[in-house]
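The values are calculated or read from the model by the stated rules, or taken from the named source; none is laboratory data. What you see is a predicted model; the values in this text were computed from it and never measured. Please note: Cβ atoms are built from the backbone with ideal geometry, for glycine as well, and neighbour counts cover all protein chains shown.
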Amino acid sequence: MKILEKLLSTHALLRRMIILLIIFIWGWIDIVTGYEYSFAVFYLVPISIAAWFDNKKVTIITILVSGLTWLYADFISGHQYKHIAAPYWNAIARLGFFSVVAFLLIKVRENLTAMTRMAMQDNLTTLNNTRAFAIQYQQLREGKIRGRQKIAVALIDMDGFKAVNDQHGHSKGDDVLITFAQVLKSVARSSDIVARMGGDEFIMLLKDTDQKGAEVFETRLREAFLMSGLKRQYGVDFSMGIRIFDELPKNLDDATHQADQLMYQSKAHGKSQTTICMA
């Protein structure tokens, strides 16, 4: 079942071919069995697939094709009506029924997606939270990416953040965290993963990053941070530890602990620094 669900969600062409095939099968069964047996409810199978896995345009097309297929089968089966408008009325009624079911499924899917996003998102910064980061870490480790490549784990902790809360209040502290999160997102590549671990601590997974790549990333982040004005306005900075792995540890805590140790080395050497180390 999970394999089928994955196929339906990731392969658009295959999904749409399956939808058409199911409609064709039910249409053929409708014709063979005649008008005495109704199979209209089974057209909800391709409609449900379209509503759940595809977009609204494809869903509408699926509804129309299903309704027209049923109407064609009804005519071919030789069903006689007392009034010429009766089959068309029935077809419209079925289209309405199909549309209501599809609409409800789409709303359920949208609400589920929104709830999932909220559960995986830090409420303040909109970055990934620790739950989302852990899931993506395991996916990365289990070979969701192709080929062997070095991966860096960067742990970042803000320097002087407590003073912001003490001197300017927690509202301004939240503004600082939001702005810093935007700085991290601005320098992250599309393949990188950024998350807030809690408080003023952040973590990043940098794919395909070696020693030189980590140094380039650190330079870009420092430049973007200075341009943000946070240091000038609030006197904050950040310390960072970057651990580069040939293979990610099985346990996420092991990876974060190693990066955390490097980050504390940076703080011990005067803060506002970065320590990079190969595993």
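Of all residues in the stretch 223-249, those being charged (D, E, K, R) and either surrounded by 14 or more Cβ atoms within 10 Å (Cβ to Cβ) or more than 31 Å from the chain's Cα centre (by Cα) (or both) number 4.
Residues in the stretch 248-279 that are among the charged types (D, E, K, R) and without any contact (Cβ under 8 Å) to a residue 12 or more places away in the chain: D253, D254. For the stretch 69-91, residues that are in contact (Cβ under 8 Å) with a residue 12 or more places away in the chain and not charged (D, E, K, R) total 14.
Check the stretch 44-65 and report whether any residue there is among the basic types (K, R), in a helix (DSSP H, G or I) and over 24 Å from S9 (Cβ atoms). Steps first, answer last, please.
Pass one, the stretch 44-65, residues among the basic types (K, R): 56-57.
Among the residues that remain, those that are also in a helix (DSSP H, G or I) are: 56-57.
From what is left, the residues that are over 24 Å from S9 (Cβ atoms) are none.
No, the stretch 44-65 contains no residue that is among the basic types (K, R), in a helix (DSSP H, G or I) and over 24 Å from S9 (Cβ atoms).
Looking at the stretch 37-48, is at least one residue in contact with a Lys or Arg (Cβ under 9 Å, 6 or more places away or on another chain), more than 24 Å from L112 (Cα to Cα), at pLDDT below 90 and in the same structural domain as A86 (by TED's automatic domain parsing)? Checking the stretch 37-48: at least one residue is in contact with a Lys or Arg (Cβ under 9 Å, 6 or more places away or on another chain), more than 24 Å from L112 (Cα to Cα), at pLDDT below 90 and in the same structural domain as A86 (by TED's automatic domain parsing). Scanning the stretch 172-206 for residues that are part of a strand (DSSP E or B), touching a Ser or Thr at 6+ places or on another chain (Cβ under 8 Å) and surrounded by 17 or more Cβ atoms within 10 Å (Cβ to Cβ) yields a total of 4. Out of all the residues in the stretch 136-154, is one or more farther than 29 Å from E218 by Cα and either outside any helix (DSSP H, G or I) or of a type in the set (S, T, Y) (or both)? Checking the stretch 136-154: not a single residue is farther than 29 Å from E218 by Cα and either outside any helix (DSSP H, G or I) or of a type in the set (S, T, Y) (or both).
Considering the conditions (1) surrounded by 13 or more Cβ atoms within 10 Å (Cβ to Cβ); (2) assigned to a helix (DSSP H, G or I), Y35 is excluded by exactly one of them, (2).
Filtered by the rule that a residue be assigned to a helix (DSSP H, G or I) and either at positive phi or touching a helix residue (DSSP H, G or I) at 6+ places or on another chain (Cβ under 6 Å) (or both), the stretch 207-229 gives R220, L221, A224, F225, S228.
The condition (being surrounded by fewer than 13 Cβ atoms within 10 Å (Cβ to Cβ) and in contact (Cβ under 8 Å) with a residue 12 or more places away in the chain) is satisfied by just one residue among A132, A119: A119. Being in a helix (DSSP H, G or I), modelled with pLDDT of 95 or more, aromatic (F, W, Y) and surrounded by fewer than 16 Cβ atoms within 10 Å (Cβ to Cβ) is a condition met by at least one residue of the stretch 101-116.
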